[in-house]
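Everything on this sheet refers to the single structure shown next.
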Amino acid sequence: MGTYLDFEKPIESIEQYIESARARGDFDAVEILEKDLEKEIKKIYGNLSDYQKLQLARHPDRPYALDYIRLILDDAQEIHGDRMYRDDPAILCYLGWIDGQKTVLIGEQKGRGTKHKIRRNFGMPHPEGYRKALRAVKLAEKFDIPVLMLIDTPGAYPGIGAEERGQSEAIARNLFELSGVKVPLISIVIGEGGSGGALAIGVADKLAMMRYSVFAVISPEGCSAILWNDPSKVEQATKALKITPDALKEHNLIDDIIDEPISGAHRDKISAAKALKNYYLNSLKELQSLSKEELLERRYNKLISIGAFQESLDS
């Protein structure tokens, strides 16, 4: 693995010992060390804090949308442009097959390395990116093709040009239009789900999160800056925001949690992709059993239940 987080250092140390033992042909030591590694992985990843989960969601080696596209989508053909302004590389749209199921796949892409990060705008879409995504969804609806959306963004790009071209309108338009699309929509947070930038492709019949992903109305850094004017309180903000899958599932804000490998998708991308693919196909099977009317009614009821509360009867 290329990068180790601070809390992963014990794992790095054992893996280095394993490589050293292999190099000198000491396979008995390798066997013992691999058992130690397995124990250490269970120990570390079984007791993660919310902030550590945030770090995993942002891990530089974590699979991005393009990685999943290459692993699960066959005969992939990319859809470019919003037919209004330009093609936004921060959002990918593809048409292809997932285990024989024709699918339109939309994903937010952060990019790796300085050159690609700049090209993808660090995964922060402009309004034309959201309009491209909506165009792809409408194309899918026209040909009765289900849609899989992969969320992974710090948030929508807040630059002057994006605002001039209607960033808030583009996001709001997607929320409105996706609520009425007559094909199954499945959305999965694969890394970082940031604010409206995530919501714009998050209105779906099924909204799930990978085990080590986050979904937040604002970044913990932004929260700590606004509430306390103190960037050192990022960990406190992360805990207070309740951005982990378990917390969001508890409040019925997401439907499901997808179990990725215990040590994170960045350490086993193939297994993570398999888990994501299986979730999509199983969810699609359930949704395709519904009529168009039942699908829309179920989606409507799901959306209006978000944020519902019950007043206490206590005086």
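The values are calculated or read from the model by the stated rules, or taken from the named source; none is laboratory data. Source: prediction; values computed, not measured. In this analysis, Cβ positions are derived from the backbone assuming ideal geometry, glycine residues included, and neighbour counts consider all displayed protein chains.
Summary of computed values
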read-out	value
Top-ranked residue in the stretch 81-108 [being closer than 17 Å to residue 147 by Cα and in a loop (DSSP other than H, G, I, E, B); ranked as nearest to the chain's Cα centre (by Cα)]	99
Residues satisfying the stated conditions in the stretch 166-204, i.e. acidic (Asp, Glu) and either surrounded by 24 or more Cβ atoms within 10 Å (Cβ to Cβ) or in contact with a Cys (Cβ under 6 Å, 6 or more places away or on another chain) (or both)	192
Any hit, the stretch 69-77, residues being assigned to a helix (DSSP H, G or I) and surrounded by fewer than 19 Cβ atoms within 10 Å (Cβ to Cβ)	yes
Matching entry among 57, 90 (being farther than 23 Å from residue 261 by Cβ and touching a Ser or Thr at 6+ places or on another chain (Cβ under 8 Å))	90
Pair list, Cβ under 9 Å, 6 or more apart: the stretch 263-281 residue not assigned by TED's automatic domain parsing to the domain that holds residue 208, other residue surrounded by fewer than 20 Cβ atoms within 10 Å (Cβ to Cβ) and at pLDDT below 95	none
Residues being over 12 Å from residue 130 (Cα atoms) and assigned to a loop (DSSP other than H, G, I, E, B) - total across the stretch 168-202	6
Within the stretch 130-144, considering residues that are part of a helix (DSSP H, G or I) and of a type outside the set (D, E, K, R), the one nearest to residue 200 (Cα to Cα)	130
Unique residue being farther than 18 Å from residue 201 by Cα, in a loop (DSSP other than H, G, I, E, B), modelled with pLDDT under 95 and in contact with a Phe, Trp or Tyr (Cβ under 9 Å, 6 or more places away or on another chain) when the list is 312, 263	263
Boolean, residue 34 is out of contact with any helix residue (DSSP H, G or I) (no Cβ under 6 Å at 6 or more places or on another chain), without any contact (Cβ under 8 Å) to a residue 12 or more places away in the chain and surrounded by fewer than 15 Cβ atoms within 10 Å (Cβ to Cβ)	no
So residue 232, is it at pLDDT below 90 and either buried (at least 22 other Cβ atoms within 10 Å of the Cβ) or outside any helix (DSSP H, G or I) (or both)	no
Hey, residue 61 assigned by TED's automatic domain parsing to the domain that holds residue 193, touching a residue at least 40 places away in the same chain (Cβ under 8 Å) and surrounded by fewer than 18 Cβ atoms within 10 Å (Cβ to Cβ) or not	yes
Filter result (buried (at least 20 other Cβ atoms within 10 Å of the Cβ) and assigned to a strand (DSSP E or B)) within the stretch 249-260	258
Selection within the stretch 1-30 - aromatic (Phe, Trp, Tyr), assigned to a helix (DSSP H, G or I) and surrounded by 13 or more Cβ atoms within 10 Å (Cβ to Cβ)	7, 17
Unique match (being closer than 17 Å to residue 266 by Cβ and in a helix (DSSP H, G or I)) among 33, 48, 56	56
Qualifying residue in the stretch 111-129 (condition: among the small types (Gly, Ala, Ser), in a loop (DSSP other than H, G, I, E, B) and assigned by TED's automatic domain parsing to the domain that holds residue 249)	yes
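Let's see how each residue does on (1) under 30 Å from residue 219 (Cβ atoms); (2) free of Cβ contacts under 8 Å to residues at least 40 places away in the same chain:
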{"site": "8", "(1), (2)": "yes, yes"}
{"site": "13", "(1), (2)": "no, yes"}
{"site": "17", "(1), (2)": "no, yes"}
{"site": "43", "(1), (2)": "yes, yes"}
{"site": "78", "(1), (2)": "yes, yes"}
{"site": "81", "(1), (2)": "yes, no"}
